[in-house]
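See below for the structure under consideration.
Each value in this text was obtained by applying a stated rule to the coordinates, not by laboratory testing. Predicted model, so just to flag it, every value in this text is computed and none were measured. A quick note on method: Cβ atoms are made from the backbone with ideal geometry, for glycine too, and the neighbour counts reach across all protein chains shown.
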Amino acid sequence: MTETMLCRHCLKDYPTSQIVGVQATGIDPQTLFGTDGPPEGAPPWSEVGSSPTDAVGKSAWWRKKRRALDDAATKMGGGYDPYCPKGHVVIDALADKPFVITIAGNVGAAKSTYLLAVAAEIYTAGRLGITSTVASLLPSQVDPLKQKLVSVYNDGQPLPPTPEGEIHEGYVARLQFENGERRSLALYDVPGEVIRSVQKVAQSGRFLYTSDAIILLLDPDGFPDPNAFLKPAVEGVEMAGPQMVHNLADGIEQATGQRVKVPFIVAISKSDKIVDWPAHAAPIGFPAEVQKYLEDESDIVRNMLVAQGLEPVVTAALSRFGAERTRFARVSALGMDYEHLGYGGSMKPDGCWRPIALALLLGRV
Ligand SMILES: Nc1nc2c(ncn2[C@@H]2O[C@H](COP(=O)(O)OP(=O)(O)OP(=O)(O)O)[C@@H](O)[C@H]2O)c(=O)[nH]1
Ligand SMILES: [Mg+2]
Ligand SMILES: [Zn+2]
């Protein structure tokens, strides 16, 4: 029997012999793979992958154990990451249990920019925001990330729209929690079109219905204009509505045949566009009060959504995903100063870790 491994991007099982190890090369692995499959000379993952740590401790004889440790150390020193033949990280091949978050939202809601911003925060802080969770990106993703950061944050070039049908892979981070537990965190970005139809949600199935949490991004430009009937605040932008929540929940429920039971974080993206946020400072220093801070933020954002005419979205979220699993957050991938760039403001991600931390808080088991 050939063992297989699921690539959650391709939604396809590959024989493990086809999963390859890729080192940091400075080039985006997706480009490196092209249409012809893995780059020349990429070793099978089975030869270079680091084995789960508990396998090492189990060898009975000291010498054998010693050799296993040496092997494991050598493999880890190689800095290889597991990739499918199409150039996606195979998160299930990593030693730590995956935690997969799907980022959903309308076309242009900032999903791709948000993913980039989360990776940027992790890369620069070495932890998940102000939490006590230590975080680092996969070595093969660091250089391509840096290139993207320069083009978005230094040169002000927005990311291209994600083509329909493409599940763009986000970044994979290794997390270590305060209690020593480790998880591999993956964030998947779905194109905006998917959320418009239940069928599409159900079809893109696998990664969505095996997700450990969902973050729904809402663009303030899509909030209803209080002075106009059926109009978002900015003409030409899709309205944010409860239908998105129902499409997601229905799609998952149709695919799994079960009531949806994952943390659902409704996050206002581009929160720099809303000027009248109440002051709420994050705790400084040792991140012990983070949970309370996130819960308070959740209430603030929930009230803001209601004030902005989005009470139906709030109600839909609470009823479909359950009040105990639903929270609210705000993020700005480009920074709260974004609108004031001409006046000395700077561009940097703001609070993008918050929905992730909430999802982990509610969904980590
Ligand atoms: N003001 C502001 N604009 C943002 C922010 N993040 C992204 N944008 C802009 O919003 C637009 C859409 O961003 P994307 O990240 O491509 O959105 P998306 O949801 O991935 O879009 P699709 O892939 O087409 O569905 C771009 O022009 C971004 O520059 C933000 O934090 N603040
Ligand atoms: Mg996109
Ligand atoms: Zn793949």
Please order Y338, Y83, Y171 by the number of other Cβ within 10 Å, starting at the fewest.
-> Y338, Y171, Y83
Relative to the chain, whose Cα atoms define the longest principal axis, helix 111-125 and its Cα axis are tilted in degrees, nearest 10, by 60 degrees
Note the angle between two axes, namely the Cα long axis of helix 353-363 and the longest principal axis of the Cα atoms of the chain, as a number of degrees from 0 to 90, rounded to the nearest 10.
-> 70 degrees
Going from the fewest other Cβ atoms within 10 Å to the most, one would list W353, W45 as W45, W353
Rounded to the nearest 10 degrees, the helix 290-307 long axis (Cα) sits at an angle to the longest Cα principal axis of the chain of 40 degrees
Specify the residue with the greatest mean-square fluctuation among D250, D189, D143, computed from a Gaussian network of the chain linking alpha-carbon atoms under 10 Å apart.
-> D143
Long-range amide H partners of V22 with built H, under 5 Å = D81, Y83
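Kindly state, to the nearest 0.05, the FRET efficiency for K97 paired with N227, given R0 = 51 Å and r defined as their beta-carbon distance. Walk me through the numbers on the way to the answer.
Working: r = 50 Å, r/R0 = 0.98.
For R0 = 51 Å, the calculated efficiency reads 0.55.
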Only helices counted: for the chain, with every DSSP H run of 4 or more residues adding -39500 (n - 2.57) and the sum spread over all residues, [θ] at 222 nm is -10000 deg cm²/dmol
According to the Cα gyration tensor, what semi-axes, each the square root of 5 times an eigenvalue, does the equivalent ellipsoid of segment 235-328 have, listed from largest to smallest in whole Å?
-> 26, 19, 10
Quick one: Debye curve from the alpha-carbon atoms of the chain only, equal weights, vacuum; give me log10 I(q)/I(0) at q = 0.07, 0.08, 0.10, 0.11 Å⁻¹ to two decimals.
-> -0.31, -0.41, -0.64, -0.77
Evaluate E = 1/(1 + (r/R0)^6) for S346 and N303, where r is the Cβ-Cβ distance and R0 equals 25 Å; express this FRET efficiency to the nearest 0.05.
-> 0.30
Identify unpaired cysteines across the chain, taking unpaired to mean no other cysteine Cβ lies under 4.7 Å from the residue's Cβ.
-> C352
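How much of the DSSP bridge set in the chain is antiparallel, in percent, rounded to the nearest 5?
50 percent
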